[in-house]
Every structure is written in structure tokens, then in C-alpha cells.
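Since the structure comes first, as C-alpha cells, the remarks are kept for the end.
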Ligand code: ADP
Ligand code: MG
């Protein structure tokens, strides 16, 4: 059975990060466990110097400072034929416990930016910082959840899947990994399925396992790349509800990629709108006021239309438009240009 990669898609990143990532696109079924462990938690690769294995101490992030900073980042894919700029001078600031959404049409560099945050893709210019320290490679403090249902090694039970990165990164003892796995499987409603294997689960259940696996790592930032895009509409809605309930309980920091305006407004507390060719920050808007119950309201529809215009408006000139980042439940405010 061909079982593709967990962290890399399309054989991408291979171009830029040498043999480790070149092999990241090989079928997983052909990998030894140790190699798989490296892919999942990047044991053998540099991690940011700021306490990668534990939650950042509260003094590490200055009050009011962003947890994750993307500072004037451009990312190029270099092939033999050409250099493709996927992301051009993007700056973003993600604060602790924020639900930050990257929204844009296909090809505008959302996945590339997310992979750069994860440390899988190097930046060509600018810098990404976590807790003030430059991101220099992958680390267990940033965990990814992908769209693909095959991100779970099929030969491991559901519980083993959740335990695996904890053990491979030596974050916990075996007993604690098992305890955490059971705790997070309970949080995603899969306690009864701990001993089954992924092929016995529906797509939505597989995504729940991937979310449990990610949260069990207690990452600084949870990175999700269109995690619900391959689900049917009803399951997708349910998963959005469950993710919001988990966030209400755990208050993790989320960077969530989607191409759906509705999903961006429902999931995000802030939404960065990207435009393509190359991917630039077009605007940033607050979505605090919207939640699962907002659909259909006049305010929701107005925000939807405004984002639609920003996504498809031909006037791309000037610096990004940014709304106030206040976290109050105020209606969206006027957009202003930032230099
Ligand atoms: P999105 O996730 O928004 O759909 P991507 O980040 O996947 O966008 O891609 C942004 C741009 O970079 C696209 O033009 C895409 O074709 C290009 N791209 C992505 N991965 C690679 C790669 N490995 N090699 C060359 N170009 C790539
Ligand atoms: Mg993508």
C-alpha cells in the first residue's frame, strides 16, 4: 500500500531542504520507525532555542508581544527552470490563544507560509520568530494537522498514533504518553476507538485522531492546513463545532488555513486575506464577533461580502488593509492601510 507523507505534500519542500526533505515525499510504508519518528517530530533537526520541549515560560513572551511573528517574509521555490515566488514580504503577528486564519484562493501561498512556520520550508527573506527566537527548522513546539486522511501511520492503533510523537520526541514516559493519549482521545470523543486501526475510521474520525495527536504534544502553536476540506459539508460543520469547543476548553494558539470565507469567519478570531501571484497579505480583519451561530446574520453576510471583494477586487495596489485587533465583540471596523 502506498502511504504518503505526513508533513510534506506534493514532494514540495524537497527542493529547498536537502535530503531529509527530499525523502519526505516517499511512501511511509517503506520507512523504518526511527525515520518516521524524525518526520513526525523532527528529533534530528534544529528547533528554536526557546524551550522547544515545554510550554514557553510566561516571561519568554513579553506582555502584549506576539507569540509567532512573520516578519517581511518572502519564500521562493527554486527549480532548475525558474524561481517561483510563493510568498512576498508577508508580515503577520499571532498572539497566544488566538485563532488566526490564513484565507485565500488556491495557489496564494497559504500552505507555503504554514510550512515555513512549521520550519519545513526556509524563508528567502525576512524572519519567522516563535517566542522571540528565529524559527530555524521543525520542532515539536509546532504541530501540523493536514487535510489528508492518510496522515496516520496505518499500522499503529489509534492510541499508538497519538502516543507516537510524544515517545519519539521523548517528551514523556510511555506511561504518561498513554495517559495523555487517552485524555485527548476522550476530548475528541474517540475513547471507544483507541484500539482500532485508522482504516476502521471515517474521514472525520481520522481527523479527530490527528487533532488529538497534535494537542497531546502541548504545542506552542497548532498549525492546521485545510483540515476539514476533504469532509462532507455536515461532517465539516461538526468538526468546526468540535474544534471551537476544544479551543474554548484548552485555549491553544491556532493558525488555520482555509479557502472558505464561511469557515474563516466561523473558526477565526482574526483573518489574514492573501492574494496570489505572488502571495501577499491583502488585508487583515477581525472575526471575533462571529461564531458558529452567526451564519445568515446581516453582519455575517456583510463581512462575507467584504472579504469576497478583498479576495477578488482587482485593486491590489498599496500596503495591506488592517482592522483594529481589539478582541472585543465589536462589529468589524473600518480597514486602514498600514505602511
Ligand atoms: P496554497 O496553499 O495557497 O494553495 P501553496 O503554498 O501550495 O498555495 O503554493 C503557492 C505557490 O507555490 C503556487 O504557485 C504553487 O504552485 C507553488 N508551489 C508550491 N509548492 C511548490 C514546490 N514544491 N515547487 C515549486 N512551486 C511550488
Ligand atoms: Mg494549500
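No value in this document is a laboratory result; all are computed from the given coordinates. Keep in mind that what you see is a predicted model, and the values were worked out from it rather than measured. Here the Cβ positions follow ideal geometry from the backbone for every residue, glycine too, while neighbour counts run over all protein chains shown.
A simple spin-label model places the labels of residue 186 and residue 238 2.2 nm from each other, with each point 7 Å out along Cα-to-Cβ. Label zone (residue 308, point 7 Å along Cα-to-C-beta; backbone nitrogen cut-off 20 Å) within the range 66-109: 103-106. Specify whether the C-alpha gyration tensor of the range 121-259 places it in the rounded, prolate or oblate class, a ≥ b ≥ c being the square roots of the eigenvalues: rounded for a/c under 1.5, otherwise prolate if a/b is larger than b/c and oblate if not. Cα axes put the range 121-259 in the oblate bin. Assuming R0 = 56 Å, can you tell me the calculated FRET efficiency for the pair residue 293 and residue 79, based on Cβ-Cβ distance, to the nearest 0.05? Working from the Cβ atoms, E equals 0.75. Using the Cβ-Cβ distance between residue 229 and residue 202 with R0 set to 22 Å, the FRET efficiency works out to roughly 0.90. Using the Cβ-Cβ distance between residue 125 and residue 170 with R0 set to 45 Å, the FRET efficiency works out to roughly 0.85.
Remark: the residue 156-residue 65 segment gains 28.8 nm on full extension, using 0.36 nm per residue and subtracting the alpha carbon distance.
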